[in-house]
Amino acid sequence: MVLPLDQWLSLSMRDVSLSNAVPERLLIASGNPWSFCLAAEREIARQYATAEVDALNLFKLCSRASPHWRTRDKVIETIDRKFERFVRPIISGRDITSDLRLPSAKIPALPSTYEALRAYECDGAKVGLAVISTVSSLTTIQYPSSLAEFGSVLEPAWRSAHLSLFIGQAVREMHYDAIVIFNGRHCYSRPFCDAVASRSEVIRYEQGSAGNRYISAASSVHEPEALKQIIEGHDFDPVAGDAFFQSRMKRESTN
């Protein structure tokens, strides 16, 4: 479902995304310091005024170790302290970031082939697909002749994916009713989502077609079935579609 952020003030989250009863315990896993994500997380926290809403700074523990962010970006986010300034004050529960006790499991060696990486899973988490989602996005390489083509982004994505898994395993033991996270498909988020899904309802959200809208789904919005449901749930508007296309062409005429 796609909604302007301001409409979330007058709607219950149960009507929008959660399939079960309004949760008593909710965790916001803040994995992306993008301002839009933080705005969405604040609105989600407000909607659950009667619930115990905890927060996890997944960016601090995991995302910043992924290849998605440059050193400059990490320094800026460290100084800005967005999570501490904008998310932590709005939650009704507590910040569990420093409470987690991660398993001391060793990160295994990278698979030797693309096929082996794609098939790699650990504790039910599709770690390999999470890594591929990240490295393919960052390099725009979809079908490499070898893993070496992914260059320097592959190793940190592999490490980040396993760290995400370890965090998910720790959070899983905390038995939250529901967990909300942005995106949920990259190396820092998908293993986390897969690990906690056996104990908690996981809701992933993405930015919609406009700057103040977002989409929520019970699986990655990029998965075919989820995308199919999103398309079927909204009437086709040719005028809006053409306006969106023309705006993209003006911004990137060579695209």
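Criterion applied to Pro103, Pro89 was being more than 17 Å from Cys187 (Cβ to Cβ) and either part of a helix (DSSP H, G or I) or under 19 Å from the mean Cα position of the chain (by Cα) (or both), and the one residue passing it is Pro89.
From the set of residues in segment 172-205 that are β-branched (Val, Ile, Thr) and more than 13 Å from Ser30 (Cβ to Cβ), which is surrounded by the fewest Cβ atoms within 10 Å (Cβ to Cβ)? Ranking the candidates gives Ile203 first. At pLDDT 90 or above, in contact with an Asp or Glu (Cβ under 9 Å, 6 or more places away or on another chain) and on the phi > 0 side of the Ramachandran plot: is that true of Gly184 in this structure? No; evaluated as a whole, the condition is false for this residue. Here is the figure for segment 62-80: residues that are surrounded by 13 or more Cβ atoms within 10 Å (Cβ to Cβ) and either among the basic types (Lys, Arg) or in contact (Cβ under 8 Å) with a residue 24 or more places away in the chain (or both) total 10. Screening segment 47-61 for residues that are charged (D, E, K, R) and under 14 Å from Glu24 (Cα atoms) and picking the one that is surrounded by the most Cβ atoms within 10 Å (Cβ to Cβ) gives Asp54. Within segment 123-136, can you find the residues that are buried (at least 19 other Cβ atoms within 10 Å of the Cβ) and either assigned to a helix (DSSP H, G or I) or not small (Gly, Ala, Ser) (or both)? Scanning segment 123-136 gives Lys126, Val127, Gly128, Leu129, Ala130, Val131, Ile132, Ser133, Thr134, Val135. Checked against the criterion of being β-branched (Val, Ile, Thr), exposed (fewer than 13 other Cβ atoms within 10 Å of the Cβ) and either within 17 Å of Ser66 (Cα to Cα) or in contact (Cβ under 8 Å) with a residue 24 or more places away in the chain (or both), the candidates Thr139, Thr113 yield just one match: Thr113. Of all residues in segment 23-49, those satisfying the criterion of being in contact with an Asp or Glu (Cβ under 9 Å, 6 or more places away or on another chain) and either farther than 25 Å from Ala170 by Cα or modelled with pLDDT under 85 (or both) are Pro23, Glu43.
The values are calculated or read from the model by the stated rules, or taken from the named source; none is laboratory data. For clarity, every value in this text was computed on a predicted model and none was experimentally measured. Here Cβ is always computed from backbone atoms with ideal geometry, including for glycine, and neighbour counts include all displayed protein chains.
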